[in-house]
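Q: Pasting a structure below so you can have a look.
The values are calculated or read from the model by the stated rules, or taken from the named source; none is laboratory data. Bear in mind the structure is a predicted one, so any value in this text is a computation, not a measurement. Cβ atoms come from the backbone with ideal geometry, glycine included; neighbour counts cover every protein chain shown. SASA here: full protein model, heavy atoms, side chains in, ligands and nucleic acids out. Shrake-Rupley method; radii C 1.70, N 1.55, O 1.52, S 1.80 Å.
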Amino acid sequence: MNSQLDVAIAGMGLTKQGRRLGISRRELRRQALDLALTDANLQRSDIDGYIFIGATPEDLRYLGLSPAFAYSLMTGGASPVASILVAAGAVATDQARHVACVYGEAYSSIPPKLNPHSNAGTERDIKAYSYGYPYLYGMVGPAATYALAARRHMSLYGTTSEDLGRVAVTEREFASVRPGAQGYGQPITLDDHQDSRMIVDPLRLLDCSRPTDGGAAVIVTSSKRAADLTDRPVEVLGAGTSHGIESWWNGSMFESMNVSRAAQRAFEQAQVGIEDIDVAQLYAPFTIATLMQLEEYGFCKPGEGGSFVAAGHTGPGGTIPTNTGGGQLSGFYATGFTPLSEGILQMRGEAPSNQVVGAQTCLVSGSGGNGGIQGSWAHAALILGAAR
Amino acid sequence: MIPVDRPLPGDVVEDAIDQPFWDACRDHVLLIYRCRICAESFWPAGCCPQHGMQDMIWVTASGGGTLHTWTVVHQKYSKSFTEERTVVAVVKLDEGPLMHTNLIGSNGIDLQVGLPVGVVFQTIASESVIPVFQLRNQSETSAPR
Ligand SMILES: [Zn+2]
């Protein structure tokens, strides 16, 4: 399948992902970049564009890079997919030949620091995830935002906690056979889900992902160069983004992840339909996000996400295997690099478990409840194609 | 019990554009931001998507609305909130805008989307009053608004 965009992914690096690795964020980025360079058969000097997912003082010196440009990009969980698009633009305008999109976070570790240092002032509220005025009312962290959407979904469609639970069980089934996943060797049942404690009603513990540490890097180049570098490039067939604060004005904020505009552009560009998608990797840090996106992308009708998952469509051997590495719930949480990295592996035919045989197309999504006082569901859709 | 050290409006927004709203709360009056060209209402202050900030004005809202969605926060993510269980709600004001708030006098059980609610003002610090909501009984809901 050839890309309309003439853009492909020539290499990927994925470090160990897990809880309390005790490795700094910057070092995780360095490891991911080195893995990606080796994967793409490239040297440091070949990287002439650098996109850092997040915001931090630049780390080019530590990474040993001197590119034509280096950008910091942050639009929440939509950032990794957005970085592929920004890289594609740089390649198309001949500003760079090989762009590295790099992520590394150590959410669950206290970063190792030089001694002596002071612990004063390190304890703080997670205000960064409180989105303005809602924080006045005790709304803290992304789970509460998704809980408001889950409650609305339940009210509109009769969705139940069990419907959410089946998403957790299905994604854990994928993770339980994926070495390195958080849920490896630990399948769960619906009863386990129902017995898990309430976090932000109606979301229980097993409806929520846990932050993990890890790095990821992807190298974007032209389709032709990618084909010269590797025998398994992944084509970028289409992409789209949407940053819809309008959902706050029109009242749809808690009923929609703002998929439609991003999806329409991505599918038009890729010249495929939803029925042509072989495997899906959805940005879903909470179970409700999987249901909402299955409906909004059109894999099933609005309100039917629960029965769609219950029928096994998204599980191993289903009609649209979804989050085949365990996703963010049971695999690892590397923001949008969780779905993106698994999509790349699937398109290469190299998924360590649950490879979807003959898969030619993969939908990858990214979503961020950021930007704007009430959060605004930034969304990004990406359609990847196998070059086989 | 008034929780200690909870955030105040000025802690979470970087400028004073909403100051009239918070000042009015001290007088137990709920304001909304209205575009006088198209009569659309907004909270918090911001541009009308049709008309920008050409002719915006703070006007008094009815104080009534309906429960749009809610969650009960069990996990103590924040040290700033000491209540046992907080009901965080989104209310759809009668004038149209959505507003994050607390639903007081409710344990979060037996709630339904669409239940009528009314504003109550809660003093959270000496000079700081925030609007919260409580369920309205049936006789009140039949009153014109
Ligand atoms: Zn207007």
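Q: Using 1/(1 + (r/R0)^6) with R0 = 35 angstrom and r between the beta carbons of residue A:311 and residue A:19, what's the FRET efficiency to the nearest 0.05? Numbers along the way, then the final one.
A: Numbers: r = 33 Å, r/R0 = 0.94.
The value I calculate is 0.60.
Q: Residues with amide H under 5 Å of residue B:102's amide H, sequence separation 5 or more or different chain, H placed in the peptide plane at 1.01 Å from N; which?
A: B:89, B:133
Q: Could you tell me which residue out of A:379, A:188, A:149 lies farthest along the dipole of the protein assembly as shown toward its positive end? Charges go on the beta carbon: Lys and Arg +1, Asp and Glu -1, centred on the Cα centre.
A: A:188
Q: With labels modelled as points extended 7 Å from the Cα through the Cβ direction, what inter-label distance (nm, one decimal) is found for residue A:301 paired with residue A:162?
A: Spacing of the two 7 Å Cα→Cβ label points: 2.1 nm.
Q: Roughly what would the spin-label model give for residue A:265 and residue B:36, points 7 Å off Cα along C-beta, in nm?
A: Distance between the two pseudo-spin positions: 3.7 nm.
Q: Hand me the tally of lysine pairs in the protein assembly as shown: alpha carbons under 24 angstrom apart, and the pair either on different chains or 8 or more positions apart. It would help to have the intermediate numbers written out before the result.
A: Details: A:16/A:113; A:113/A:127; A:127/B:76; A:127/B:79.
Close lysine pairs under the 24 Å cut-off: 4.
Q: Shielding of B:42-54 by partners, i.e. mean partner chain Cβ atoms within 10 Å per residue?
A: 2
Q: Starting at the first residue of the range A:236-248, write each ³J(HN,Hα) from the Karplus equation 6.51 cos²θ - 1.76 cosθ + 1.60 with θ = phi - 60°, in whole Hz, x for Gly and Pro.
A: In residue order, the calculated couplings are 8, 7, x, 7, x, 9, 8, 10, x, 5, 4, 5, 6 Hz.
Q: Please pull out the direction-averaged projected area of the range A:238-362, using the convex hull of its alpha-carbon atoms, in nm² to one decimal place. Walk me through the numbers before you get to the answer.
A: Details: hull surface 30.1 nm².
Average projection, Cα convex hull of the range A:238-362: 7.5 nm².
Q: Extension gain residue A:45-residue A:189, at 0.36 nm per residue separation less the Cα-Cα distance, in nm?
A: Full extension of this stretch gives 46.9 nm more.
Q: While we're looking at this one, here's another question. For residue A:77, what residues show an amide H to amide H distance below 5 Å, using hydrogens built from the backbone and excluding near sequence neighbours?
A: When sequence neighbours closer than 5 places are left aside, the close amide H contacts are A:367, A:368, A:369.
Q: How large is ³J(HN,Hα), in whole Hz, for each residue of the range A:262-271 in order, when computed from phi with the Karplus curve 6.51 cos²θ - 1.76 cosθ + 1.60 and θ = phi - 60°, using x for Gly and Pro?
A: Taking θ as phi minus 60°, the curve returns 5, 5, 4, 5, 5, 6, 4, 5, 7, 6 Hz for the range A:262-271.
Q: Can I ask one more? Along the charge dipole of chain A, which of A:140, A:299, A:222 sits closest to the positive end, that is, farthest toward it, with unit charges on the beta carbon of Lys, Arg, Asp and Glu (+1, +1, -1, -1)?
A: Farthest along the dipole direction, towards plus: A:140.
Q: Per residue of A:138-150, how many C-beta atoms from partner chains lie within 10 Å of its own C-beta, taken as a mean?
A: Mean partner-chain Cβ count within 10 Å for A:138-150: 6.
Q: If I model a spin label at residue B:110 and residue B:75 as a point 7 Å from the Cα along the Cα→Cβ vector, what separation in nanometres do I get?
A: Label at residue B:110, label at residue B:75, 2.9 nm between them.
Q: Could you tell me the total accessible area buried at the A-B interface, probe 1.4 Å, in square angstrom to the nearest hundred?
A: Counting both chains, the buried surface is close to 3300 Å².
Q: Then there is this: Given H placed on each backbone N at 1.01 Å, which residues far from residue B:86 in sequence or on other chains put an amide H within less than 5 Å of it?
A: HN-HN under 5 Å from residue B:86: B:73.
Q: List the trypsin sites (Lys or Arg not before Pro) within the range A:1-110 that DSSP assigns to loop and that have no more than 12 neighbouring Cβ atoms inside 10 Å. Please list the in-between numbers first.
A: Numbers: sites: A:16, A:19, A:20, A:25, A:26, A:29, A:30, A:44, A:61, A:97; in loops: A:16, A:19, A:20, A:97.
Those satisfying the criteria are A:20.
Q: What is the calculated FRET efficiency for residue A:38 to residue A:274, with r their C-beta to C-beta distance and R₀ = 41 Å, to the nearest 0.05?
A: Numbers: r = 36 Å, r/R0 = 0.87.
According to the calculation, E is roughly 0.70.
Q: Right, here's the next one. Only bridges whose two residues both fall in chain B count here: according to DSSP, what percent of them are antiparallel, nearest 5?
A: Working: 32 of 33 bridges.
Percentage antiparallel, nearest 5: 95.
Q: Shifting gears a bit: Pop out the ³J(HN,Hα) list for the range A:80-89 in order, Karplus 6.51 cos²θ - 1.76 cosθ + 1.60 with θ = phi - 60°, rounded to Hz; leave Gly and Pro as x.
A: x, 5, 4, 5, 5, 5, 5, 4, 4, x
Q: Now, a different point. For chain A, what is the accessible area per residue in Å², given a 1.4 Å probe and the full set of protein chains?
A: 37
Q: What is the percent carbon and sulfur in the accessible area of the protein assembly as shown, measuring with a 1.4 Å probe over the protein chains and ignoring ligands?
A: Accessible surface attributable to carbon and sulfur in the protein assembly as shown totals 49 percent.
Q: Let me ask something else about it. Rank A:187, A:134, A:202 by mean-square fluctuation in a GNM of chain A with C-alpha springs under 10 angstrom and give only the top-ranked residue.
A: Maximum among the listed residues: A:134.
Q: Follow-up. Between residue A:319 and residue B:126, what's the calculated FRET efficiency when r is the beta-carbon distance and R0 is 51 Å? Round to 0.05.
A: Efficiency, rounded to the nearest 0.05: 0.25.
Q: Please work out how much length the chain gains when fully extended from residue A:108 to residue A:357, using 0.36 nm per residue of separation minus the C-alpha to C-alpha distance, in nm with one decimal.
A: Gain in length upon complete extension: 86.2 nm.
Q: Which value, in debye to the nearest 20, gives the size of the charge dipole of the range B:1-127 about its Cα centre, when Lys and Arg are +1 and Asp and Glu are -1 at the Cβ?
A: 280
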